[in-house]
Protein chains: 4
Amino acid sequence: MIIRMKQNAPAKAVEKVIERIKKFNCGAEIIHGREGIDIIGIVGDTSGIDPNVFDEIDEVLEVIRISRPYKRVSREYNPQSRVVKVGELGIGGNELVFMAGPCSIENKPQIVRIAKEVKAAGAQFLRGGAYKPRTSPYSYQGLGVEGLRFMRDAKEATGLPIVTEATGNHRHQLADNSFEQKTVLENVLEYADVIQVGARNMKAYGFLQDLAIESGKRRIPVLLKRGEAATVAEFLLAAEYIVANGNPDVILCLRGIRTFEENKYQRYTSDIAVTAVLKKESNLPVVFDPSHATGYRDLVPAISLAAIAAGADGLMIETHYEPENAASDGQQTVTPPTLAEIIKKALALKKIL
Amino acid sequence: MIIRMKQNAPAKAVEKVIERIKKFNCGAEIIHGREGIDIIGIVGDTSGIDPNVFDEIDEVLEVIRISRPYKRVSREYNPQSRVVKVGELGIGGNELVFMAGPCSIENKPQIVRIAKEVKAAGAQFLRGGAYKPRTSPYSYQGLGVEGLRFMRDAKEATGLPIVTEATGNHRHQLADNSFEQKTVLENVLEYADVIQVGARNMKAYGFLQDLAIESGKRRIPVLLKRGEAATVAEFLLAAEYIVANGNPDVILCLRGIRTFEENKYQRYTSDIAVTAVLKKESNLPVVFDPSHATGYRDLVPAISLAAIAAGADGLMIETHYEPENAASDGQQTVTPPTLAEIIKKALALKKIL
Amino acid sequence: MIIRMKQNAPAKAVEKVIERIKKFNCGAEIIHGREGIDIIGIVGDTSGIDPNVFDEIDEVLEVIRISRPYKRVSREYNPQSRVVKVGELGIGGNELVFMAGPCSIENKPQIVRIAKEVKAAGAQFLRGGAYKPRTSPYSYQGLGVEGLRFMRDAKEATGLPIVTEATGNHRHQLADNSFEQKTVLENVLEYADVIQVGARNMKAYGFLQDLAIESGKRRIPVLLKRGEAATVAEFLLAAEYIVANGNPDVILCLRGIRTFEENKYQRYTSDIAVTAVLKKESNLPVVFDPSHATGYRDLVPAISLAAIAAGADGLMIETHYEPENAASDGQQTVTPPTLAEIIKKALALKKIL
Amino acid sequence: MIIRMKQNAPAKAVEKVIERIKKFNCGAEIIHGREGIDIIGIVGDTSGIDPNVFDEIDEVLEVIRISRPYKRVSREYNPQSRVVKVGELGIGGNELVFMAGPCSIENKPQIVRIAKEVKAAGAQFLRGGAYKPRTSPYSYQGLGVEGLRFMRDAKEATGLPIVTEATGNHRHQLADNSFEQKTVLENVLEYADVIQVGARNMKAYGFLQDLAIESGKRRIPVLLKRGEAATVAEFLLAAEYIVANGNPDVILCLRGIRTFEENKYQRYTSDIAVTAVLKKESNLPVVFDPSHATGYRDLVPAISLAAIAAGADGLMIETHYEPENAASDGQQTVTPPTLAEIIKKALALKKIL
């Protein structure tokens, strides 16, 4: 951590900064720059120091973090790539993984049929939402635990492990306005092979903590989606939250970010290059979700391959045999034959890389 | 809702769209544009229609919402401004309100002293955080329910009602790694006069629902902060979530948004003009938080006045007698004398408007 | 300037960095941090050093500028506020300035009438566009030098000095497809009292240089608008370009920035707080343009006052007696009576500050 | 174009809108929505209608463009892909093109050596900057016409056509403070095989017009870089400017956009998915520049392939035999062997697609 004092800051202010540094059992080195500008470098473990501690001293102009605020998920500190295991499958190893399925689980025949078709297309995981966080209170909110049961049926029929989202530790309201007995988290812990944290909850730190503790005990991996305006550092710190609270099996998932770009052409800006950034900065596996990132099914194949080219360890693709009749997100959903085509090309591309 | 077909879309596709429209008990009007472009307007109540239902038909190029997706909080539908009552005080009426206090509650003498000083400076509400959602798992997370008890002491000493944040319906972990008995929401419901939802939780819809139901029963208003990348429409829809689930007393709070601007100069981009937009679009009161928006205490006075000039009904300002020693956010915290100066000028400005 | 080496960078790499530093006649101070991380501070005048010079060494992780890259326009280096003089008027001194007029000059009676009406409303400058940079090649491009002549007529009728935009050093194409004899810059230099550089040209550095040299010779001030995605540092560097090339009389003008916010509610995000940032960082005067920033005339009064509250030295407001029939930007244009009301309130507000 | 009236807008206001529509020789169709909301659709050629014409009527809530504002470059209107010819080479056809070379031309031996090495690596075009638009007035500004002459030498030595940037129609200042005789545009027209318009000048419409006219006469293609905050529609309108002014040979080039992402990890956000969007929306060829987009040489190979996977017709890659000693942008510059590797993989990838 580097502290840049204001021009001509009095020696007293510099001493004040140094005193604070010492409280953290760190050392201080001063560089007297020209033009009366002093720079103070902190020597030691700064991971527990809040930069604000110095920033709030009036004569401090700027506090700059030099080391990364995340440690456990950092490749600099832990160079070895983490391979997250789900049964026989490894995510983040040499093999690409493909997670596919509908945005929303609608009924048992639907999810069983989709499971069979995505398996035939080459997917190794079945994804599907039983709890749907929706921007509008008037939109469809998901089937709840009944949906999870249908997913289990699909798993039994195909052997595909289940990826599904937990939206918090609240109780889900059903279409008849009654509430489920258990919390969403409790239900999902019971059924999921991989628990997804959606972009909207990436900064719900209380929930992340509960989730990390409970999923860690049961050794269920967490697929953490990047918040739509989370910086790379914040994203990795959210992963660090989960790891620090007891679950080392975190899969990072990119799904587009919010920028000035018009959503007439794309739903989000696809953060494809961040795939490469994350592989360099972090030791965790990275999966890309081209369905949410683009929002349009005709863009999904190209962006799927782009993400693989950028170094992704896998893809999560919304798939339905009748996208036009899907309960949600149909316009970004591909059919199983398109999925098969994407997987075929992705595997060929992987060989080139 | 308006549907724009692709050029030369076949009549069959148009019929398909119209069929779907009819399922929602709405009518359809077609405009045959030049160059083979058909436009279909939906006549009727479209609030329950998900635009995706049409977007996923291949021949549909774009679906455009013409009416606003929020109704209850919309000034167009409910022109009367809502005045949120807290005891004798009204937020959103003719009087400005000022909420002040520390970022974190540290101990009883601290919060009692601050309460007295902000009251003397002219504030009518005491704000303070017992539960602190922090970006890093290694940062200070707040005193928990003990902090809430100190706040009650401060309330008893001054009569100031309490504004404090609920971070979710999880259980809080204390410094000794034990967990509180009740959930954060349960505790906050017991102590708060106004419950704050932070920017990080604005899209945690499951939590919003629980909060709305419980706070609605007890008639405790909710101060809802805008998410750092939430659009105006999403922000108003989050408010609509709370109102639709049983609590009409929502106060909107702006606290800066995330943009390309360098955080070397400001922590966030101050969304001051959105104050005026919200007053026009919505019937709810609007409070501005210049502390988080700017991140630097020397910018707080100017931005406070700018927000009032833009039409804010009040301000929420982080205040501490010793900002440099505050447990968190000290660099954006003002002293009680500065607060008094801001309030004085804000009241003078209000007279001009 | 601070250089952060990668973990365990070899001593040879550090030496390489130091050698380069010495080439710039600067000194180097090394901090050996824990965990094998070395930090090198550069001591001396770094204003001429391109950070890339170090960044391109593989073992360098990050290069951080500690001093600001702008000097002449920086308050840290030149604390005295610059008051830009136009005849008797001073911009950046104690008095607020108001620049008003139509987006486009349409004909002589129009601009003369508007000049008279904005003067009566309290404006001290007449603004109007003869050259209009338009996003679409099919939109109205402005009257050209004929418009400038009409502006001079309006100036003669009212005494108001003229603010008008130069769009580059190209020759303007007229409605009959012929080209003007002189370049736009040559024409504007002949007629303007203050030359405006629009947001779209803020980074057209070749043009900035020509403009600075020519306007500097004639002592005509430049009103520089912030680019829609220019950082504060880039904006001040563009001002530095003009000052360094011979024209110290630069007025900074804010007009909104491009962010994720929906342009359904506002044309741009109003960067009101940057007014306060610029007054702190720079010694130059700051004017705010609420017309472009908001894009809607009913937001203009509130945002005008917000900008003054944030510390602006003046306002530039699009004004027309018949906004609905203006040749361009009518929806963001106010009438002279509204202008008068804004000016009255702004002056009252200034007294409070 | 669709006009959405405010709720309960009086019939008179609707008539006013219709009158205006008729002035443009278009027809109007009215949809009377429920809740007193009228929608007016314009039937006919709306490409010459400025939406503001309606927006400025008070009872109009919103004006929505339904057809795209660009025509000539639009795939909807002109489905046939344009292949831009440079000698024997075609850009936008079946073959990928690779443009490589240094950021800045430094001297004759440098550019000749690089030309030979990039040719050997598989590049078909030599890129290099003689005029460098730099953010700081204190940075290196380029060799000027002398650099262009060195490029011609390199072209003679290798046969590679030249891609180089014109920065405007100003005269370039040399290191000795003298000015070149001809303008930058005149010089570049004389030497370039493809003229690059940089991101900073994408909205300098006066310059675009001059450039289009002059390059169109000489049949020199233009490579137009997307502005760092230009929307897709604005980017295509800038291309439309060039085409409408006489030069149909426009190559679109993406080079990253400015968003909230930290430039500690990437210089810009790589807009890779926009490659696919542009190929769908427009008939023009698309080239991707991974050097500027990422800013770090170790990210360049992955992002190069990602862009090809997303559908790019080619790449523009900064290449130097000694990146660490390059006059500018060394940290994002790759070596010829890396370039060869990228080209090899890109060609293999193209076969899969």
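The values are calculated or read from the model by the stated rules, or taken from the named source; none is laboratory data. Note that the coordinates shown come from a computational prediction; the quantities given were computed from them, not determined experimentally. Because the Cβ atoms are built from the backbone with ideal geometry, glycine has one as well, and the counts that use them run over all protein chains shown. Protein only, heavy atoms only, side chains kept; ligands, DNA and RNA dropped before computing areas. Shrake-Rupley method; radii C 1.70, N 1.55, O 1.52, S 1.80 Å.
Here are the numbers for the structure shown:
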{"quantity": "Looking only at the range D:15-55, and only at residues there that are touching a Cys at 6+ places or on another chain (Cβ under 8 Å) and of a type outside the set (D, E, K, R), the one that is modelled with the highest pLDDT", "calculated": "D:42"}
{"quantity": "Test for residue C:140: is it farther than 26 Å from residue C:293 by Cα, modelled with pLDDT under 95, in a loop (DSSP other than H, G, I, E, B) and aromatic (Phe, Trp, Tyr)", "calculated": "no"}
{"quantity": "Counted residues, the range C:35-78 - those being touching a strand residue (DSSP E or B) at 6+ places or on another chain (Cβ under 6 Å) and without any contact (Cβ under 8 Å) to a residue 12 or more places away in the chain", "calculated": "1"}
{"quantity": "Residue D:281 vs. criteria within 11 Å of chain C (Cβ to nearest Cβ), within 19 Å of residue A:265 (Cα to Cα) and not small (Gly, Ala, Ser)", "calculated": "no"}
{"quantity": "Residue list for the range A:200-217, filter: part of a helix (DSSP H, G or I), buried (at least 19 other Cβ atoms within 10 Å of the Cβ) and basic (Lys, Arg)", "calculated": "A:200"}
{"quantity": "In the range A:324-340, the residues that are of a type outside the set (A, V, I, L, M) and open to solvent by 10 Å² or more (accessible area, probe 1.4 Å)", "calculated": "A:324, A:325, A:329, A:331, A:335, A:336, A:337, A:338"}
{"quantity": "Qualifying position, being of a type in the set (Ser, Thr, Tyr) and more than 28 Å from residue B:268 (Cβ to Cβ), among A:265, A:191, A:241", "calculated": "A:191"}
{"quantity": "Those residues of the range A:259-270 which are more than 7 Å from chain D (Cβ to nearest Cβ) and either crowded, with 24+ Cβ neighbours inside 10 Å or of a type in the set (D, E, K, R) (or both), in sequence order", "calculated": "A:264, A:267"}
{"quantity": "So residue C:197, is it more than 9 Å from chain D (Cβ to nearest Cβ), touching a residue at least 60 places away in the same chain (Cβ under 8 Å) and either surrounded by fewer than 24 Cβ atoms within 10 Å (Cβ to Cβ) or not polar (S, T, N, Q) (or both)", "calculated": "no"}
{"quantity": "Output for the range A:1-16, where each listed residue is without any contact (Cβ under 8 Å) to a residue 60 or more places away in the chain and closer than 21 Å to residue C:3 by Cα", "calculated": "A:5, A:6, A:7"}
{"quantity": "All positions within the range A:73-118 that are of a type in the set (Asp, Glu) and within 17 Å of the chain's Cα centre (by Cα)", "calculated": "none"}
{"quantity": "The range C:298-353, subset charged (D, E, K, R) and free of Cβ contacts under 8 Å to residues at least 24 places away in the same chain, residue nearest to the other protein chains (Cβ to nearest Cβ)", "calculated": "C:324"}
{"quantity": "Any hit, the range A:218-239, residues being part of a helix (DSSP H, G or I), more than 14 Å from chain B (Cβ to nearest Cβ) and not small (Gly, Ala, Ser)", "calculated": "yes"}
{"quantity": "Pair list, Cβ under 6 Å, 6 or more apart: the range B:168-181 residue free of Cβ contacts under 8 Å to residues at least 60 places away in the same chain, other residue assigned to a loop (DSSP other than H, G, I, E, B) and open to solvent by 50 Å² or more (accessible area, probe 1.4 Å)", "calculated": "B:179/B:171; B:180/B:171"}
{"quantity": "Qualifying residue in the range C:247-258 (condition: in contact with a strand residue (DSSP E or B) (Cβ under 6 Å, 6 or more places away or on another chain), modelled with pLDDT under 95 and either open to solvent by less than 10 Å² (accessible area, probe 1.4 Å) or within 13 Å of chain D (Cβ to nearest Cβ) (or both))", "calculated": "no"}
{"quantity": "Entirely in the range A:14-117, the strands (runs of 3 or more DSSP E) that have 1 or more residues that are small (Gly, Ala, Ser) and surrounded by fewer than 18 Cβ atoms within 10 Å (Cβ to Cβ)", "calculated": "A:27-32, A:89-91"}
{"quantity": "Residue in the range A:218-230 that is farthest from the chain's Cα centre (by Cα), counting only those that are farther than 22 Å from residue B:197 by Cβ and open to solvent by 10 Å² or more (accessible area, probe 1.4 Å)", "calculated": "A:218"}
{"quantity": "Some residue of the range C:171-186 being at positive phi and not in a helix (DSSP H, G or I)", "calculated": "yes"}
{"quantity": "3 or more residues over 28 Å from residue A:54 (Cβ atoms) and either under 21 Å from the mean Cα position of the chain (by Cα) or not hydrophobic (A, V, I, L, M, F, W, C) (or both): qualifying strands (runs of 3 or more DSSP E) within the range B:240-353", "calculated": "B:250-254"}
